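A short worksheet on the structure shown next.
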Amino acid sequence: MPQDMPAQAVAPVDDNAAIAARVLQQINTLRGHLGQAALVPSTQLDAAALAHSRDMSAQNRAWHWGSDGSSPLDRARRQGFNGTLIGENISESYEDEIQTLAAWMSARDTRDVIMDPSATLLGFSWYKEPSGKLWWTLLTGSQ
């Protein structure tokens, strides 16, 4: 885990509200260290993230295209999002949300999605298969 990520106790992956709140807090702490504005949750981006997490599971592959050929922007628009989509991070893992966020923060392309100074909105969700495998999707955007 990167040194600037505060350690916290991890809730079970089934505690949706706690996970979403913890990810938002972690991201805003990291952004705050750079003097960047905090992100606020977007229900539309959350819905797009959930739809994509489920679709990646159905496709059994982590990638940015939906089974219907949709892009991240297409999925956000379907959920009523009319702002600017900045980026999408995805992952398939058995790791919790803090480990997944740490992995995203360790790679420049995925870190840039989270830390983009023009981002104001966060969409975050996941899908957990019965086997315990997790499919994570994070979207950032602005109005």
Virtual paramagnetic centre 7 Å along Cα→Cβ of Arg108, amide N under 19 Å, in segment 115-143: 115-118
Using a basic spin-label model with each label point 7 Å from the Cα along Cα→Cβ, how many nm lie between Lys133 and Gln99? 1.6 nm
Where Lys128, Lys133 fall by accessible area, highest first, once all protein chains stay in place (1.4 Å): Lys128, Lys133
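Ratio of Rg to Rh for segment 63-129, alpha carbon only, Kirkwood? Write down the numbers at each step before the final one.
Working: Rg = 12.7 Å, Rh = 13.3 Å.
That ratio equals 0.96.
With a 1.4 Å probe and all protein chains left in place, how much accessible area per residue does the chain have, in Å²? Can you show the working numbers first?
Values: 6940 Å² over 143 residues.
In whole numbers, the chain has 49 Å² accessible per residue.
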Where the centroid of each part is defined by its Cα atoms, how far is segment 115-129 from segment 19-59 in Å? 3 Å
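Multiply the residue gap between Ser67 and Ala18 by 0.36 nm, knock off their C-alpha separation, and tell me the result in nm, one decimal place.
Details: separation 49, 0.36 × 49 = 17.64 nm, distance 2.94 nm.
Stretched fully, the Ser67-Ala18 segment lengthens by 14.7 nm.
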Heavy atoms only, probe 1.4 Å: what % of the accessible area of the chain goes to carbon and sulfur, would you let me know? 51 percent
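The values are calculated or read from the model by the stated rules, or taken from the named source; none is laboratory data. The shown structure was predicted, so the numbers you read here are calculated from the model rather than taken from an experiment. Cβ coordinates were reconstructed from backbone atoms using ideal geometry, including for glycine residues, and neighbour counts include every protein chain displayed. We work out accessible area using only protein heavy atoms, side chains counted, and drop any ligands, DNA or RNA first. Shrake-Rupley method; radii C 1.70, N 1.55, O 1.52, S 1.80 Å.
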